[in-house]
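The values are calculated or read from the model by the stated rules, or taken from the named source; none is laboratory data. Predicted model, so just to flag it, every value in this text is computed and none were measured. Here the Cβ is made from the backbone with ideal geometry for all residues, glycine too, and neighbour counts use every protein chain on show.
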Amino acid sequence: MSNNIEKYETSLLEDVSQILRTARQNAYSVVNTEMVYAYWLMGKRIVEDEQQGIKKAGYGESLLKKLSVALSAEFGKGFSYANLRNFRQFYLTYTDDSNCYALRSKLSWTHLRSLMYIDDEIKRSFYLEMCINEKWSTRLLQERINSMLFERTAISKNPEETIKRDLQSLKYEQKISADLVFRDPYLLNFLGLSDTYSEQDLESAIISEIQKFIIELGSDFAFIARQKRITIDNRDYYIDLLFFHRKLKCLIAIELKLGEFEASYKGQMELYLNYLDKYERMKGETSPIGLILCSGKNSEHIELMQLKQSNIKVAEYMTKLPPKKLLLDKLRKAIKIARNKESKGFE
(Lines give C-alpha, C1' and ligand atoms only; values in the text may rest on other atoms or scores of the structure.)
Protein backbone atom coordinates (compact mmCIF):
# COMPACT_ATOMS: atom_id res chain seq x y z
CA MET A 1 0.00 0.00 0.00
CA SER A 2 2.81 2.43 0.92
CA ASN A 3 4.48 1.78 -2.45
CA ASN A 4 1.31 2.84 -4.24
CA ILE A 5 1.15 6.03 -2.16
CA GLU A 6 4.79 6.80 -2.96
CA LYS A 7 4.19 6.24 -6.67
CA TYR A 8 1.12 8.50 -6.53
CA GLU A 9 3.06 11.23 -4.71
CA THR A 10 5.93 10.98 -7.19
CA SER A 11 3.55 11.17 -10.13
CA LEU A 12 1.73 14.13 -8.59
CA LEU A 13 5.01 16.00 -8.00
CA GLU A 14 6.18 15.37 -11.58
CA ASP A 15 2.87 16.52 -13.08
CA VAL A 16 2.62 19.66 -10.95
CA SER A 17 6.27 20.52 -11.63
CA GLN A 18 5.69 20.19 -15.38
CA ILE A 19 2.61 22.44 -15.15
CA LEU A 20 4.69 25.11 -13.39
CA ARG A 21 7.60 24.82 -15.84
CA THR A 22 5.21 25.16 -18.80
CA ALA A 23 3.45 28.13 -17.20
CA ARG A 24 6.73 29.91 -16.50
CA GLN A 25 7.95 29.31 -20.04
CA ASN A 26 4.67 30.60 -21.48
CA ALA A 27 4.82 33.64 -19.20
CA TYR A 28 8.39 34.35 -20.30
CA SER A 29 7.37 34.05 -23.96
CA VAL A 30 4.48 36.46 -23.49
CA VAL A 31 6.66 38.98 -21.63
CA ASN A 32 9.40 38.72 -24.27
CA THR A 33 6.89 39.18 -27.09
CA GLU A 34 5.30 42.25 -25.52
CA MET A 35 8.62 43.87 -24.55
CA VAL A 36 10.12 43.37 -28.01
CA TYR A 37 7.04 45.00 -29.53
CA ALA A 38 7.34 47.85 -27.04
CA TYR A 39 10.96 48.38 -28.10
CA TRP A 40 9.86 48.47 -31.74
CA LEU A 41 7.14 51.02 -30.97
CA MET A 42 9.63 53.15 -29.01
CA GLY A 43 12.06 53.02 -31.91
CA LYS A 44 9.30 54.02 -34.31
CA ARG A 45 8.31 56.97 -32.15
CA ILE A 46 11.93 58.17 -31.84
CA VAL A 47 12.45 57.96 -35.61
CA GLU A 48 9.17 59.77 -36.32
CA ASP A 49 10.25 62.60 -34.02
CA GLU A 50 13.62 62.83 -35.75
CA GLN A 51 11.91 62.96 -39.14
CA GLN A 52 9.52 65.77 -38.27
CA GLY A 53 11.87 68.37 -39.64
CA ILE A 54 13.73 69.31 -36.50
CA LYS A 55 17.16 70.02 -38.03
CA LYS A 56 18.89 71.46 -35.02
CA ALA A 57 22.42 70.06 -34.80
CA GLY A 58 22.74 67.30 -32.23
CA TYR A 59 19.03 67.41 -31.40
CA GLY A 60 18.46 63.67 -31.86
CA GLU A 61 21.34 62.55 -29.66
CA SER A 62 20.54 65.16 -27.01
CA LEU A 63 16.91 64.06 -26.96
CA LEU A 64 17.88 60.39 -26.50
CA LYS A 65 20.10 61.24 -23.56
CA LYS A 66 17.33 63.22 -21.85
CA LEU A 67 14.82 60.48 -22.62
CA SER A 68 17.17 57.89 -21.14
CA VAL A 69 17.49 59.80 -17.87
CA ALA A 70 13.71 60.23 -17.56
CA LEU A 71 12.83 56.63 -18.40
CA SER A 72 15.53 55.20 -16.14
CA ALA A 73 14.22 57.31 -13.23
CA GLU A 74 10.70 55.97 -13.69
CA PHE A 75 11.23 52.41 -14.98
CA GLY A 76 14.73 51.48 -13.78
CA LYS A 77 17.42 49.69 -15.79
CA GLY A 78 17.12 48.84 -19.46
CA PHE A 79 16.67 52.33 -20.92
CA SER A 80 20.22 53.56 -21.28
CA TYR A 81 21.24 55.84 -24.13
CA ALA A 82 22.79 52.83 -25.90
CA ASN A 83 19.56 50.83 -25.56
CA LEU A 84 17.47 53.66 -26.96
CA ARG A 85 19.78 53.71 -29.97
CA ASN A 86 19.18 49.96 -30.27
CA PHE A 87 15.40 50.51 -30.27
CA ARG A 88 15.79 53.08 -33.04
CA GLN A 89 17.96 50.69 -35.08
CA PHE A 90 15.46 47.87 -34.50
CA TYR A 91 12.67 49.91 -36.07
CA LEU A 92 14.88 51.08 -38.95
CA THR A 93 15.84 47.45 -39.69
CA TYR A 94 12.29 46.05 -39.47
CA THR A 95 9.96 48.92 -40.36
CA ASP A 96 7.16 46.54 -41.40
CA ASP A 97 4.87 45.88 -38.43
CA SER A 98 3.99 42.38 -39.70
CA ASN A 99 7.67 41.41 -39.81
CA CYS A 100 8.13 42.65 -36.27
CA TYR A 101 5.11 40.63 -35.10
CA ALA A 102 6.51 37.41 -36.58
CA LEU A 103 10.00 37.99 -35.17
CA ARG A 104 9.01 38.88 -31.64
CA SER A 105 7.18 35.57 -31.19
CA LYS A 106 10.19 33.52 -32.29
CA LEU A 107 13.33 35.30 -31.09
CA SER A 108 14.45 37.08 -27.96
CA TRP A 109 15.53 40.70 -27.85
CA THR A 110 19.17 39.56 -27.51
CA HIS A 111 18.85 37.57 -30.75
CA LEU A 112 17.37 40.54 -32.58
CA ARG A 113 19.97 42.94 -31.23
CA SER A 114 22.72 40.77 -32.76
CA LEU A 115 20.92 40.53 -36.09
CA MET A 116 19.86 44.13 -36.66
CA TYR A 117 23.38 45.50 -37.01
CA ILE A 118 24.20 43.19 -39.94
CA ASP A 119 24.10 45.64 -42.85
CA ASP A 120 23.77 43.14 -45.70
CA GLU A 121 20.08 42.21 -45.96
CA ILE A 122 20.68 38.76 -47.49
CA LYS A 123 23.28 37.88 -44.87
CA ARG A 124 20.95 39.08 -42.11
CA SER A 125 18.09 37.00 -43.55
CA PHE A 126 20.36 33.94 -43.62
CA TYR A 127 21.23 34.22 -39.93
CA LEU A 128 17.63 35.04 -39.03
CA GLU A 129 16.08 32.03 -40.78
CA MET A 130 18.81 29.61 -39.72
CA CYS A 131 18.55 30.83 -36.14
CA ILE A 132 14.80 30.20 -36.07
CA ASN A 133 15.06 26.89 -37.94
CA GLU A 134 17.88 25.42 -35.84
CA LYS A 135 16.84 27.11 -32.58
CA TRP A 136 20.25 28.68 -31.90
CA SER A 137 20.86 30.16 -28.49
CA THR A 138 21.95 33.81 -28.39
CA ARG A 139 25.51 32.67 -27.68
CA LEU A 140 25.55 30.27 -30.63
CA LEU A 141 24.13 32.92 -32.95
CA GLN A 142 26.93 35.30 -32.03
CA GLU A 143 29.51 32.54 -32.51
CA ARG A 144 28.07 31.82 -35.96
CA ILE A 145 28.29 35.48 -36.92
CA ASN A 146 31.84 35.80 -35.56
CA SER A 147 32.98 32.69 -37.46
CA MET A 148 31.57 34.15 -40.72
CA LEU A 149 29.23 31.21 -41.21
CA PHE A 150 27.32 32.86 -44.06
CA GLU A 151 30.49 33.39 -46.10
CA ARG A 152 31.55 29.79 -45.39
CA THR A 153 28.20 28.24 -46.32
CA ALA A 154 27.88 26.93 -49.86
CA ILE A 155 24.82 29.09 -50.51
CA SER A 156 26.86 32.32 -50.29
CA LYS A 157 28.56 31.34 -53.57
CA ASN A 158 25.21 31.29 -55.39
CA PRO A 159 23.55 34.21 -57.22
CA GLU A 160 21.50 36.45 -54.93
CA GLU A 161 18.19 35.31 -56.42
CA THR A 162 19.03 31.69 -55.64
CA ILE A 163 19.92 32.60 -52.06
CA LYS A 164 16.64 34.49 -51.63
CA ARG A 165 14.65 31.59 -53.06
CA ASP A 166 16.28 29.04 -50.74
CA LEU A 167 15.73 31.30 -47.70
CA GLN A 168 12.07 31.75 -48.67
CA SER A 169 11.66 27.96 -48.88
CA LEU A 170 13.21 27.63 -45.44
CA LYS A 171 11.00 30.38 -44.01
CA TYR A 172 7.63 29.34 -45.40
CA GLU A 173 8.03 25.60 -46.07
CA GLN A 174 10.72 24.64 -43.51
CA LYS A 175 12.51 23.12 -46.50
CA ILE A 176 16.30 23.28 -46.21
CA SER A 177 18.64 22.97 -49.18
CA ALA A 178 22.03 21.23 -49.17
CA ASP A 179 23.69 24.58 -49.92
CA LEU A 180 22.40 25.90 -46.60
CA VAL A 181 23.89 22.89 -44.79
CA PHE A 182 27.40 22.43 -46.20
CA ARG A 183 30.31 24.80 -45.59
CA ASP A 184 33.73 25.60 -46.93
CA PRO A 185 36.02 25.83 -45.09
CA TYR A 186 35.17 23.96 -41.90
CA LEU A 187 36.83 25.40 -38.81
CA LEU A 188 38.34 22.57 -36.74
CA ASN A 189 40.63 24.68 -34.57
CA PHE A 190 39.16 23.04 -31.45
CA LEU A 191 40.88 19.71 -32.21
CA GLY A 192 44.21 20.70 -30.64
CA LEU A 193 46.36 18.93 -33.25
CA SER A 194 50.12 19.45 -33.48
CA ASP A 195 51.82 20.76 -36.62
CA THR A 196 52.25 17.23 -37.99
CA TYR A 197 49.44 14.70 -37.82
CA SER A 198 48.07 11.74 -39.77
CA GLU A 199 44.57 11.09 -41.12
CA GLN A 200 44.08 8.69 -38.21
CA ASP A 201 45.12 11.44 -35.76
CA LEU A 202 42.63 13.79 -37.40
CA GLU A 203 39.85 11.21 -37.22
CA SER A 204 40.63 10.35 -33.58
CA ALA A 205 40.66 14.03 -32.63
CA ILE A 206 37.27 14.52 -34.29
CA ILE A 207 35.78 11.54 -32.46
CA SER A 208 37.13 12.77 -29.11
CA GLU A 209 35.53 16.16 -29.82
CA ILE A 210 32.48 14.81 -31.64
CA GLN A 211 30.06 17.22 -29.96
CA LYS A 212 32.05 20.28 -31.09
CA PHE A 213 32.48 18.73 -34.54
CA ILE A 214 28.71 18.29 -34.89
CA ILE A 215 28.18 21.90 -33.78
CA GLU A 216 30.52 22.99 -36.60
CA LEU A 217 28.74 20.72 -39.11
CA GLY A 218 25.27 21.90 -38.07
CA SER A 219 22.67 20.99 -35.47
CA ASP A 220 20.77 18.46 -37.61
CA PHE A 221 23.71 16.08 -38.11
CA ALA A 222 23.49 12.79 -36.19
CA PHE A 223 26.63 10.65 -35.80
CA ILE A 224 26.26 7.03 -36.94
CA ALA A 225 29.66 5.39 -37.31
CA ARG A 226 33.43 5.73 -37.47
CA GLN A 227 35.29 3.54 -39.98
CA LYS A 228 32.01 2.12 -41.29
CA ARG A 229 32.90 -1.18 -42.93
CA ILE A 230 31.30 -2.05 -46.25
CA THR A 231 32.07 -5.24 -48.21
CA ILE A 232 32.04 -5.31 -52.01
CA ASP A 233 33.15 -8.41 -53.97
CA ASN A 234 34.65 -9.83 -50.77
CA ARG A 235 36.77 -6.73 -50.31
CA ASP A 236 36.41 -4.54 -47.25
CA TYR A 237 36.28 -0.75 -47.48
CA TYR A 238 35.98 1.74 -44.63
CA ILE A 239 34.09 5.05 -44.67
CA ASP A 240 35.90 7.44 -42.32
CA LEU A 241 32.77 8.99 -40.78
CA LEU A 242 29.08 8.38 -41.40
CA PHE A 243 26.34 10.80 -40.36
CA PHE A 244 22.63 11.24 -40.97
CA HIS A 245 21.06 14.64 -41.60
CA ARG A 246 17.55 14.83 -40.19
CA LYS A 247 16.11 17.59 -42.40
CA LEU A 248 17.82 16.51 -45.63
CA LYS A 249 16.78 12.96 -44.69
CA CYS A 250 19.91 11.33 -46.03
CA LEU A 251 23.15 9.64 -45.06
CA ILE A 252 26.31 11.79 -45.20
CA ALA A 253 29.60 9.98 -45.86
CA ILE A 254 32.69 11.98 -44.86
CA GLU A 255 36.22 11.21 -46.02
CA LEU A 256 39.21 12.94 -44.40
CA LYS A 257 42.26 13.75 -46.53
CA LEU A 258 45.48 15.44 -45.44
CA GLY A 259 46.54 16.97 -48.74
CA GLU A 260 44.82 18.67 -51.64
CA PHE A 261 41.96 17.10 -53.57
CA GLU A 262 42.98 14.29 -55.94
CA ALA A 263 40.98 12.99 -58.91
CA SER A 264 40.96 9.46 -57.47
CA TYR A 265 38.91 10.63 -54.48
CA LYS A 266 35.85 10.98 -56.71
CA GLY A 267 35.78 7.30 -57.68
CA GLN A 268 36.28 6.22 -54.09
CA MET A 269 33.40 8.36 -52.85
CA GLU A 270 31.12 7.33 -55.73
CA LEU A 271 31.68 3.69 -54.72
CA TYR A 272 30.73 4.47 -51.12
CA LEU A 273 27.63 6.47 -52.09
CA ASN A 274 26.37 3.83 -54.53
CA TYR A 275 26.79 1.16 -51.84
CA LEU A 276 24.96 3.25 -49.24
CA ASP A 277 22.21 4.02 -51.74
CA LYS A 278 21.71 0.34 -52.55
CA TYR A 279 22.14 -1.32 -49.15
CA GLU A 280 21.78 1.30 -46.37
CA ARG A 281 19.23 3.83 -47.63
CA MET A 282 15.88 3.47 -45.84
CA LYS A 283 12.40 4.10 -47.22
CA GLY A 284 11.63 7.83 -47.30
CA GLU A 285 15.29 8.87 -47.36
CA THR A 286 16.90 10.86 -50.16
CA SER A 287 20.12 9.89 -51.94
CA PRO A 288 23.30 9.86 -49.80
CA ILE A 289 25.70 12.80 -50.04
CA GLY A 290 29.50 12.58 -49.90
CA LEU A 291 31.69 15.21 -48.26
CA ILE A 292 35.43 15.08 -48.90
CA LEU A 293 37.34 17.20 -46.38
CA CYS A 294 40.81 18.19 -47.60
CA SER A 295 43.49 20.46 -46.17
CA GLY A 296 43.64 22.14 -49.60
CA LYS A 297 41.61 22.27 -52.82
CA ASN A 298 42.46 22.05 -56.51
CA SER A 299 39.62 24.19 -57.82
CA GLU A 300 40.01 23.36 -61.51
CA HIS A 301 40.06 19.61 -60.79
CA ILE A 302 36.86 19.98 -58.79
CA GLU A 303 35.17 22.04 -61.50
CA LEU A 304 36.11 19.72 -64.38
CA MET A 305 35.06 16.56 -62.55
CA GLN A 306 31.48 17.88 -62.13
CA LEU A 307 31.17 16.50 -58.63
CA LYS A 308 27.71 18.00 -58.14
CA GLN A 309 26.28 15.43 -60.55
CA SER A 310 27.64 12.65 -58.30
CA ASN A 311 26.22 14.23 -55.11
CA ILE A 312 29.77 14.87 -53.88
CA LYS A 313 30.99 18.01 -52.16
CA VAL A 314 34.58 19.03 -51.44
CA ALA A 315 35.56 21.45 -48.70
CA GLU A 316 38.71 22.58 -46.95
CA TYR A 317 39.21 22.28 -43.22
CA MET A 318 41.37 24.48 -41.01
CA THR A 319 42.88 23.15 -37.79
CA LYS A 320 44.40 26.56 -37.08
CA LEU A 321 42.66 29.83 -37.81
CA PRO A 322 44.36 32.48 -39.93
CA PRO A 323 43.87 36.16 -38.99
CA LYS A 324 40.21 37.08 -39.39
CA LYS A 325 40.92 39.68 -42.10
CA LEU A 326 42.86 37.13 -44.17
CA LEU A 327 40.05 34.57 -43.85
CA LEU A 328 37.41 37.16 -44.76
CA ASP A 329 39.38 38.30 -47.83
CA LYS A 330 39.75 34.68 -48.93
CA LEU A 331 36.03 33.97 -48.49
CA ARG A 332 34.98 37.13 -50.33
CA LYS A 333 37.26 36.23 -53.23
CA ALA A 334 35.81 32.69 -53.36
CA ILE A 335 32.25 34.07 -53.37
CA LYS A 336 33.08 36.50 -56.19
CA ILE A 337 34.71 33.80 -58.34
CA ALA A 338 31.84 31.37 -57.79
CA ARG A 339 29.17 33.92 -58.66
CA ASN A 340 31.05 35.00 -61.79
CA LYS A 341 31.14 31.39 -62.94
CA GLU A 342 27.42 31.03 -62.28
CA SER A 343 26.68 34.12 -64.37
CA LYS A 344 28.70 32.63 -67.25
CA GLY A 345 26.79 29.37 -67.19
CA PHE A 346 29.14 27.12 -65.24
CA GLU A 347 27.68 24.43 -62.99
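Just to verify a result, which residue in the range 264-285, among those that are in contact with a Ser or Thr (Cβ under 8 Å, 6 or more places away or on another chain) and either not assigned by TED's automatic domain parsing to the domain that holds residue 298 or not charged (D, E, K, R) (or both), is farthest from residue 298 (Cα to Cα)?
273
Looking at (1) surrounded by 19 or more Cβ atoms within 10 Å (Cβ to Cβ); (2) at pLDDT 90 or above; (3) not assigned by TED's automatic domain parsing to the domain that holds residue 63, which is the one condition that is false for residue 168?
Among (1) surrounded by 19 or more Cβ atoms within 10 Å (Cβ to Cβ); (2) at pLDDT 90 or above; (3) not assigned by TED's automatic domain parsing to the domain that holds residue 63, the lone unmet condition for residue 168 is (1).
Can you name the residue in the range 262-291 that is farther than 22 Å from residue 181 by Cβ and small (Gly, Ala, Ser) and, of all such residues, is surrounded by the fewest Cβ atoms within 10 Å (Cβ to Cβ)?
Applying the filter and picking the extreme gives 264.
Scan the range 247-265 and report the pairs whose first residue is in contact (Cβ under 8 Å) with a residue 60 or more places away in the chain and whose second residue is among the acidic types (Asp, Glu) and part of a loop (DSSP other than H, G, I, E, B), with Cβ atoms within less than 6 Å and a gap of 6+ or a chain change.
From residues that are in contact (Cβ under 8 Å) with a residue 60 or more places away in the chain, the pairs are 247/220.
Residues that are within 25 Å of the chain's Cα centre (by Cα): which helices (runs of 4 or more DSSP H) entirely in the range 231-347 hold 3 or more of them?
324-343
I'd like the residue in the range 96-139 that is outside any helix (DSSP H, G or I) and among the aliphatic types (A, V, I, L, M) and, out of all such residues, is modelled with the lowest pLDDT.
Residue satisfying both the conditions and the ranking: 107.
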